[in-house]
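Worksheet: one structure, shown below.
The values are calculated or read from the model by the stated rules, or taken from the named source; none is laboratory data. Worth saying up front: this structure is predicted, and the values here are computed from it rather than measured. Virtual Cβ from ideal backbone geometry, glycine too; neighbours counted across all protein chains shown.
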Amino acid sequence: MKKFCCVLLAMLPLTAFAYPIDVTKELNGLSIDYNAYDTDNDIASIQVNNYGTTDAICKVVFNNGPEAPRTRTIEVAAGKHKNATAKFTRTIIKMRINLSCSPK
């Protein structure tokens with residue numbers, strides 16, 4: 001019985017739960033792709049990839065519900081990628097990200 005309890009306690013850190021991430025995008029005809037990540041229980045991040053030939057300016061709004069939204073503006077050069085991150089004071093239950101990009 002002691003071995004079973006030790007194994008159960010050892011597996012406890014493996015039960016980390018990820019929160020759902022909803023991304024709403026407005027790309028205005030640009031060749032932009034994204035990858036959203038749950039970096040930590042109170043940190044969200046998104047990687048914006050620009051596959052086009054035109055530089056883009058992107059506005060990213062992270063919304064965690066009751067807290068004030070965090071807005072980040074990034075400039076993504078053609079053929080490059082950039083990351084945007086937001087830290088919240090509370091644990092994230094569901095993340096909503098609005099991504100809107102326009103040509104530079």
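Under 9 Å by Cβ, and 6 or more places apart or on different chains, what pairs join a residue from segment 92-104 that is more than 22 Å from D38 (Cα to Cα) and modelled with pLDDT of 95 or more with one that is among the charged types (D, E, K, R) and not in a strand (DSSP E or B)?
From segment 92-104, the pairs are P103/D55.
Please list, ordered by first then second residue, the pairs with beta carbon atoms under 8 Å, 6 or more apart or interchain, first in segment 58-78 and within 19 Å of F88 (Cβ to Cβ), second assigned to a loop (DSSP other than H, G, I, E, B) and among the aliphatic types (A, V, I, L, M).
Sorted first by the residue in segment 58-78, then by its partner, the pairs are N64/I92; N64/I93; G65/I93.
If E75 meets every condition in (1) charged (D, E, K, R); (2) surrounded by 15 or more Cβ atoms within 10 Å (Cβ to Cβ); (3) farther than 17 Å from Y19 by Cβ apart from one, which number is that one?
Result: E75 fails condition (2) only.
If I go through segment 22-42 residue by residue, how many of them are at pLDDT 95 or above and under 11 Å from the mean Cα position of the chain (by Cα)?
Residues that pass the stated criteria total 5.
Does segment 71-83 include one or more residues that are among the small types (G, A, S) and closer than 17 Å to K25 by Cα?
No, segment 71-83 has no match at all.
If you take just the strands (runs of 3 or more DSSP E) that sit entirely in segment 12-81, which of them hold at least 3 residues that are acidic (D, E)?
Values: elements: 21-26, 32-40, 43-50, 56-63, 70-76.
Correct list: 32-40.
Could you tell me which residue of segment 82-104 is farthest from the chain's Cα centre (by Cα), considering only residues that are under 17 Å from D22 (Cβ atoms) and part of a strand (DSSP E or B)?
Residue satisfying both the conditions and the ranking: S100.
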